[in-house]
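The values are calculated or read from the model by the stated rules, or taken from the named source; none is laboratory data. This one's a predicted model, so the numbers in the text were calculated from it and none came from an experiment. Virtual Cβ from ideal backbone geometry, glycine too; neighbours counted across all protein chains shown. Heads up: the accessible areas ignore ligands, DNA and RNA and are worked out on the full protein's heavy atoms, side chains in. Shrake-Rupley method; radii C 1.70, N 1.55, O 1.52, S 1.80 Å.
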Amino acid sequence: MLKKELLLVPGPTPVVDSIYEAMSQQTMNHTDPRFASIYKKAIEQTKKMFQTDGEVIVISGSGTLAMEMALVNTVAAGERVLVVSHGYFGDRFLNLGKAFDVEIDVIQAEWGERVSIKKVEDKLKENKYKAVTITHADTSTGVSADLDQLVPVIKRHGALVILDGVCATSAMEENMNKTYGEHGYRIDVVLTGSQKAIGVPPGLAIIAFNQSALSVRNDMEKVPAYYADIHNWIPIMNDPKNYFATPAVNLIYAYNHAMELVLNEGMENRYNRHRKYSKAIRAAISVYGMKALADEEEAATTLTCFLYPESIDDVVFRSELANKGVIVAGGLAHLKGASFRIGHMGNATKEDLEIAVKLIGETLIQIGQEADIVKAVKYFNEAFVSEAVR
Ligand SMILES: *Cc1c(COP(=O)(O)O)cnc(C)c1O
C-alpha cells in the first residue's frame with residue numbers, strides 16, 4: 001500500500017503539499033486588506049494564464065456553476081446555443097438550457113471521435129446561434145476538441161465561443177489572446193473548476209470573459225441569476241476588499257499558490273509535460289493489451305479512457321488497484337464496465353504515473369491477466385526521452 005493514495009481520476013487530482021500548506025493558513029476576515037491582496041493576486045495570475053485583457057471571476061462553486069455563469073451571462077431565454085460535444089458533458093448544457101429556457105442543439109460525436117467540422121458548419125448555416133460551447137477535453141471519452149478548426153468557423157457565423165476547460169485549463173492551451181484563422185478570431189469565454197488540471201481541492205468556479213463577451217452581457221439588461229450574475233462579481237474581482245458574498249478564503253490561498261506553480265512552470269512547459277504524460281501512459285498501458293478510446297492525434301493530454309479486454313471485470317480490477325493505493329475512474333454511460341479512465345494532469349508527477357503503471361501491471365497479474373511490467377515501464381520512460389512529442 002502506498003503511503004499516500006494516488007488519486008488518478010479525471011478530477012479531483014493530486015494536491016501537492018505546498019498547496020495543502022497554503023490552504024491550512026489561518027482563515028482571515030474576507031475583507032482584510034491582506035486577504036484582498038492575495039485574492040487580487042490570484043485574479044491577476046489567472047488573467048496571465050488565459051492571457052486575457054477581459055475579466056476573470058473566481059468564486060465558490062464547481063465547474064457546473066461556471067458553466068451556468070457562462071450561459072446565463074451571454075444567452076437570453078429564447079435564444080439558441082449549439083453544443084459541440086465529445087461525450088458526457090454536452091448533455092449538461094442541454095439541461096442547463098432547459099432550466100433557463102434557452103434553446104440548445106447538441107452535435108454529439110461518436111464516443112471516442114471528434115465532431116465533424118462539416119456538421120458544425122451545416123448547423124451554423126441552418127440556425128442563428130448566440131453562442132457555441134465546446135468541451136475542450138472531454139472527461140468521459142478523453143477526446144480533445146480541435147480549436148484551430150472550430151473557432152474560425154463558429155466566429156465566422158457570429159456566435160460567441162464558450163470553451164468548457166474544466167478538464168483542460170492550465171494543461172492544454174487556452175490562450176484567449178491567440179488568434180484563430182485569417183480573420184484573427186479569439187475564444188470569448190473560458191470556464192473551469194479548481195480540482196482538475198489546476199490541482200486545487202474542489203470548490204472554486206473560474207471563468208474568464210473577453211471584451212466581446214462582456215459587451216454581450218452589458219447588452220442584456222438583466223439575467224436570470226443573482227449569485228451567477230457576473231455584474232455582481234466584477235467589482236469584487238477588481239477590488240476584493242468589497243463584499244458581495246463571502247469567498248472561500250482558504251481555497252483562495254490554495255488557488256493563488258497553485259497559480260504561482262502554473263506560471264512558474266510556464267505555460268508551454270506545462271502543455272509539453274502533459275503531452276509527454278499522455279504519450280507515456282498510452283504507450284505503457286497498451287503493453288497490457290488495453291487500447292485508448294481516442295486516437296493519439298485527437299486525444300486530450302489530461303486523461304485517457306482505456307478499453308478493457310473481455311476478460312477483465314471492471315469492479316474487480318479497480319477495487320484491487322485501489323487496494324494498492326491507486327484510484328482510477330470507471331467508464332461512463334455505455335462504456336461503464338467496459339473501460340476505465342485515468343487522469344494524468346495537474347500536479348501529478350512523472351513518478352506518480354510510473355508507480356501507477358507498475359501497480360496496474362501488478363493488479364492485472366493478480367487477477368489472472370498477463371502483464372509485462374518491465375516493458376510497460378520502459379515504454380513509459382521512453383516517451384519522456386524522445387523529443388518527438390506531438
Ligand atoms: C468535471 C467537469 C465538469 C463539471 O465540473 P464540476 O466541478 O463537477 O461541477 C464540466 N465539464 C467538464 C469537461 C468536466 O470535466
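A few points about this structure:
- Calculated mean residue ellipticity, 222 nm, the chain: -13000 deg cm²/dmol, from DSSP H runs (n ≥ 4) at -39500 (n - 2.57) each, averaged per residue and rounded to 500.
- Nonlocal amide H pairs with V75, under 5 Å, H built at 1.01 Å: none
- Counting only DSSP beta bridges whose two residues both lie in segment 1-154, roughly 10 percent are antiparallel.
- For E362 and D219, the FRET efficiency from 1/(1 + (r/R0)^6), where r spans their Cβ atoms and R0 equals 56 Å, is about 0.45.
- Hull volume per residue, based on the alpha-carbon atoms of segment 156-242 and their convex hull, is 127 Å³.
- 1.4 Å probe accessible area per residue over the chain, in Å²: 40
- Working note: Karplus 6.51/-1.76/1.60 with θ = phi - 60° gives segment 37-52 the couplings 6, 5, 4, 4, 5, 4, 5, 4, 5, 5, 4, 5, 4, 8, 6, 10 Hz, where Gly and Pro are set to x.
- Rounded if a/c under 1.5, otherwise prolate or oblate - segment 78-180, Cα gyration tensor axes: rounded
- Nonpolar atom fraction for the chain, defined as the carbon and sulfur part of the 1.4 Å probe accessible area, stands at 49 percent.
- Long-range HN-HN contacts of A131 with modeled amide H, under 5 Å: L82, L160
- Segment 272-341 - convex hull of the alpha-carbon atoms, volume per residue in Å³: 93
- Legend: residues H30, H334, H274, sorted from most to least accessible area (1.4 Å probe; ligands, DNA and RNA excluded), read H334, H30, H274.
- Site pair D105 and A245 shows an inter-label distance of 3.3 nm when each label is modelled 7 Å from Cα along Cα→Cβ.
- Rounded to 5, percent antiparallel among DSSP beta bridges of the chain: 50
- Relative contact order computed over the chain (Cα-Cα under 8 Å; 6+ residues apart), in percent: 24
- Lys, Arg +1 and Asp, Glu -1 on Cβ, resulting dipole of segment 1-51 about Cα centre, debye, nearest 20: 180
- Stretchable slack from T31 to V374, in nm (0.36 nm times residue separation minus alpha-carbon distance): 118.0 nm
- Partners of K291 within straight-line reach, counting aspartates and glutamates whose Cα lies under 17 Å from its Cα and excluding those fewer than 8 residues away in the same chain: E110, E113, E310, D313, D314, E370, D372.
- Each peptide among 81-87, 44-50, 327-333, 277-283 gets the average number of other Cβ atoms lying within 10 Å of its residues, and from highest to lowest they stand as 81-87, 277-283, 44-50, 327-333.
- For segment 82-123, radius of gyration divided by Kirkwood radius, i.e. Rg to Rh on alpha-carbons: 1.00
- Two-site FRET efficiency, N381 against K118, from Cβ-Cβ distance with R₀ of 35 Å, rounded to 0.05: 0.30
- For segment 23-31, backbone phi angles converted through the Karplus equation (6.51, -1.76, 1.60; θ = phi - 60°) give residue-by-residue couplings of 5, 8, 5, 4, 5, 9, 4, 5, 9 Hz, Gly and Pro being listed as x.
- Kirkwood radius and radius of gyration were both taken over the C-alpha atoms of segment 266-388, and their ratio Rg/Rh is 0.95.
- Distance between the 7 Å Cα→Cβ label points at A322 and K98: 2.9 nm.
- Within segment 121-262, DSSP assigns beta bridges of which about 45% are antiparallel (rounded to the nearest 5).
- Given K130/K222; K41/K350; K4/K350; K279/K375, the pairs whose alpha carbons are separated by over 21 Å: K41/K350
- Coupling constants for segment 138-153 follow from the phi torsions by the Karplus curve (6.51 cos²θ - 1.76 cosθ + 1.60, θ = phi - 60°), and in residue order they are 7, 6, 8, 10, x, 8, 9, 7, 8, 5, 4, 7, 6, 4, x, 5 Hz; glycine and proline get x.
- Whole-number D in µm²/s for segment 17-265 (Stokes-Einstein; Kirkwood sum over Cα pairs; 20 °C, 1.002 mPa s): 118
- Placing pseudo-labels 7 Å out from each Cα toward the beta carbon at E5 and A338 gives an inter-label distance of 2.9 nm.
- Taking segment 5-20 and a reference point 7 angstrom along Cα→Cβ of K41, the backbone N atoms nearer than 20 Å belong to 16-20.
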